Amino acid sequence: MIARFGLSEDEIRHQVMEWLAARSNDGSGAISYAELHDFVLEGEHLPLKDRFKGIRKPAGFSAALSITTTFRPEGIERPYDDGVYDEDVLLRYKWDGIDPNAATNRALRSAMEQRVPLIWFVGVAKGLFQPHFPVYVIGEEPEHHQFLVSAEAVSAATDSFAEEHVRRYLDVRTRHRLFQGIFRTQVLAAYQQRCAVCNLGHPTLLDAAHIVPDREELGIASVVNGMAMCKFHHAAFDSRLLGIRPDLVVEIRPDLLTEVDGPMLRYGLQEMHRRPLMSIPRSKSQRPRSDLLEWAWDRFKMVS
Ligand SMILES: [Zn+2]
């Protein structure tokens, strides 16, 4: 029981996640730093993110409540970028510093031992965070000063937290969900929440398209293999009605250029032919990688 709220820690976690779900449209929208200080329980403010630290353990709590990855224009932690998608799908969260007994690290270790749900705030722009929840700390790699994070709790039957064991307990779809959530967040942020092809700016109509599909070996879940596209252009790209040249110019499959049909064909496809992408990341490090563009362009040419 947390005295100042008159509620158990579990109940508070539950209420925090309900509140976040409402605020963030079930985690699909980003929320501002100021909003993370808006949460009020029984008349008391409970900030959801620590002002200076990545790991947040509110006073009186036995375990951490949230972790934060601050926004970096080039993307999140290297372990994520380096992860070979199908081999290594667990996410890492670095210790606070290198002292295993720092209060913050102990709070996160407690969350692992108690198997309690946490919130992961991923910075998508300065002062703006996308919440991913619930996530669970399911292991620790002390030699690398980091924890393993997953979108699913580990079965209580697991007595070892070794990664090899953990993997067996996690359904592939669940493992991918957190990855895809972060992939989407990063890609949409990099393209300023706009379709690369037509500049449409309604996040509910936008996807994070893979340039090389994730079933392929090259199909990494990294922002350099992504492009924000509206649902229409995403489907057209995946079915190779629309190609993106390595110099970031759109091409439409030749036979479609002479077809006569309604406004979607005309404005949505034909008028996009040979136009440069309308939205690309400001930071060069977030733009599509040329080998991935070449791969997709070669596939497009095969059908045109
Ligand atoms: Zn579009």
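Basic side chains Lys and Arg get +1 at the Cβ, acidic Asp and Glu get -1 at the Cβ, and with that the dipole of segment 189-303 about its Cα centre reaches some 380 debye. Were the residues from SER28 through GLU217 laid out at 0.36 nm apart, the gain over their Cα-Cα distance would be 65.3 nm.
Expressed as a whole percent, the accessible surface of segment 189-303 that belongs to carbon and sulfur atoms is 52, based on a 1.4 Å probe. Under the combined filter of DSSP loop state and at most 10 neighbouring Cβ atoms within 10 Å, segment 1-63 retains these trypsin sites (Lys or Arg not before Pro): ARG51. Relative to the current alpha-carbon distance between ASP10 and GLU42, full extension at 0.36 nm per residue lengthens the span by 10.0 nm.
Within a straight-line Cα-Cα reach of under 19 Å, LYS53 can be paired with the following lysines, leaving aside sequence neighbours fewer than 8 residues apart in one chain: LYS94, LYS126.
Where a ≥ b ≥ c are the square roots of the eigenvalues of the C-alpha gyration tensor, would you call segment 189-303 rounded, which needs a/c under 1.5, or, failing that, prolate if a/b is larger than b/c, or oblate? Taking the square roots of the gyration eigenvalues as a ≥ b ≥ c, segment 189-303 is oblate. Taking label points 7 Å from Cα along the Cα-to-Cβ direction, ARG282 and ARG266 give a separation of 3.7 nm.
Pairs of Cα atoms nearer than 8 Å and 6+ residues apart set the relative contact order; for segment 191-290 it is 33 percent.
Using R0 = 45 Å, the C-beta based FRET efficiency linking ALA3 and THR204 works out to 0.60.
Once the chain from ASP238 to LYS53 is taken as fully extended at 0.36 nm per residue, the excess over their C-alpha distance is 62.5 nm. In this simple spin-label model, placing a label point 7 Å from the Cα along the Cα-to-Cβ direction at both HIS144 and ASP99 gives a separation of 2.5 nm.
The values are calculated or read from the model by the stated rules, or taken from the named source; none is laboratory data. Bear in mind the structure is a predicted one, so any value in this text is a computation, not a measurement. Every residue, glycine as well, gets a Cβ built from its backbone with ideal geometry; the counts of neighbours run over all protein chains shown. Accessible surface is based on the protein model in full, side chains and every heavy atom, while ligands, DNA and RNA are left aside. Shrake-Rupley method; radii C 1.70, N 1.55, O 1.52, S 1.80 Å.
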